[in-house]
Amino acid sequence: MARIAVIGANGNIGRCIVTEALARGHEVTAVVRDLDRYQGLAIAVLPADVLDPEDVARVAAGQDVLVSAVGGGRLVAPAAHALVAGLRELGGDAPRLVVVGGAGSLLLRPGVRVWDAPGLPEPMRQTLHAHGEALAYLETVADLGWTVLSPAETLEAGERTGHYRTGTDHAVLDGEGRSRISIPDYAAALVDEIEQPRHLGERFTVGY
Ligand SMILES: NC(=O)c1ccc[n+]([C@@H]2O[C@H](COP(=O)([O-])OP(=O)(O)OC[C@H]3O[C@@H](n4cnc5c(N)ncnc54)[C@H](OP(=O)(O)O)[C@@H]3O)[C@@H](O)[C@H]2O)c1
């Protein structure tokens, strides 16, 4: 059993991570901006702004793992800096950081990344690049335990099959050449990584 705090617990992906971790018997703290809007389960619910390192340190204290599932435009790059700054305040007691990343920087074939696809709406391209910026920053962090889990290109509602394949910098493609995963299977992969760390200090990805 691990003590896990999830920032962004009220989001589409954060909610599913909370559900998956609770179902496996972990002690989950939901971290949200607005306590009144949190409808889900958790052993505790705490307020925090991910952009405030003091908030991050407060909610991370005493946890084994801090998951960040925050989103919203370009927020994820400054969030990565604030998460690291907050965890550094805890020194050697800092929990491991597990970040919900983006698919944009995954390679589809040599030299071609998901964010190079023609016709991507500009806001989405910017969000994907913001995740790339956050990852590039985390890759400079050597004094904390961290992992980024990039979703497949298509991450959507669906069933929890419990089956998925992992990759590192290349998108995992299914038999039809598509990069896709359901949100419940993504959450299962993230909690699997919490339970059995295989990607400390790196990004990995999942797909069918
Ligand atoms: N294929 C892909 O690359 C892909 C696909 C989907 C998602 N993603 C990424 O996955 C992440 C989560 O996505 P989602 O669909 O779950 O997003 P979502 O439903 O919009 O949830 C985002 C959560 O972030 C929280 N948040 C925003 N600003 C915050 C702040 N300053 N402090 C604390 N919490 C804050 C929001 O809190 P409130 O509830 O208070 O608003 C919300 O609960 C995003 O970074 C997104 O880019 C990637």
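Within segment 17-31, the set of residues being more than 8 Å from the ligand (Cβ to nearest atom), surrounded by 22 or more Cβ atoms within 10 Å (Cβ to Cβ), over 10 Å from Ile43 (Cα atoms) and of a type in the set (A, V, I, L, M, F, W, C) comprises Ile17, Val18, Ala21. Among residues of segment 62-83 being away from the ligand (no atom under 15 Å from the Cβ) and under 16 Å from Trp146 (Cα atoms), the one that is surrounded by the most Cβ atoms within 10 Å (Cβ to Cβ) is Val65.
Any idea which of Arg96, Arg113, Arg109 is within 22 Å of Ile7 (Cβ to Cβ), touching a strand residue (DSSP E or B) at 6+ places or on another chain (Cβ under 9 Å) and among the charged types (D, E, K, R)?
On inspection, the qualifying residue turns out to be Arg96.
For (1) touching a helix residue (DSSP H, G or I) at 6+ places or on another chain (Cβ under 7 Å); (2) farther than 17 Å from Arg203 by Cα; (3) among the polar types (S, T, N, Q), each residue gets a yes or a no:
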{"position": "Gly73", "(1), (2), (3)": "yes, yes, no"}
{"position": "Gly92", "(1), (2), (3)": "no, yes, no"}
{"position": "Gly101", "(1), (2), (3)": "yes, no, no"}
{"position": "Ser150", "(1), (2), (3)": "no, no, yes"}
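Quick one: would you say Gly91 is more than 8 Å from the ligand (Cβ to nearest atom) and among the small types (Gly, Ala, Ser)? Yes, satisfied.
From the list Leu75, Leu87, the lone residue that is under 15 Å from the mean Cα position of the chain (by Cα) and free of Cβ contacts under 8 Å to residues at least 60 places away in the same chain is Leu75.
Listed by first and then second residue, the pairs with beta-carbon distance under 7 Å, at least 6 apart or on different chains, first residue in segment 1-28 and on the phi > 0 side of the Ramachandran plot, second within 11 Å of the ligand (Cβ to nearest atom) and not in a loop (DSSP other than H, G, I, E, B), are Gly8/Gly14; Gly8/Ser68. Of the residues making up segment 184-194, those that are closer than 16 Å to Val98 by Cβ and either assigned to a loop (DSSP other than H, G, I, E, B) or touching a residue at least 40 places away in the same chain (Cβ under 8 Å) (or both) are Tyr186, Ala187, Ala188, Ala189, Leu190, Val191, Glu193, Ile194.
Checked against the criterion of being crowded, with 19+ Cβ neighbours inside 10 Å, modelled with pLDDT of 95 or more and over 22 Å from Ala188 (Cα atoms), the candidates Gly86, Gly101 yield just one match: Gly86.
Listed here are the residues, each with its yes/no results for (1) of a type in the set (Phe, Trp, Tyr); (2) in contact with an Asp or Glu (Cβ under 9 Å, 6 or more places away or on another chain); (3) in contact (Cβ under 8 Å) with a residue 40 or more places away in the chain; (4) not in a loop (DSSP other than H, G, I, E, B).
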| residue | (1), (2), (3), (4) |
| --- | --- |
| Leu108 | no, yes, yes, yes |
| Pro123 | no, no, yes, yes |
| Glu133 | no, no, yes, yes |
| Thr140 | no, no, no, no |
| Val172 | no, no, no, no |
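Has segment 136-156 got any residue that is buried (at least 22 other Cβ atoms within 10 Å of the Cβ) and among the polar types (S, T, N, Q)? Yes, segment 136-156 has at least one match.
The values are calculated or read from the model by the stated rules, or taken from the named source; none is laboratory data. Keep in mind it's a predicted model, so treat the numbers as computed, not measured. For neighbour counting, all protein chains shown are included, and Cβ atoms are generated from backbone atoms with ideal geometry for every residue, glycine included.
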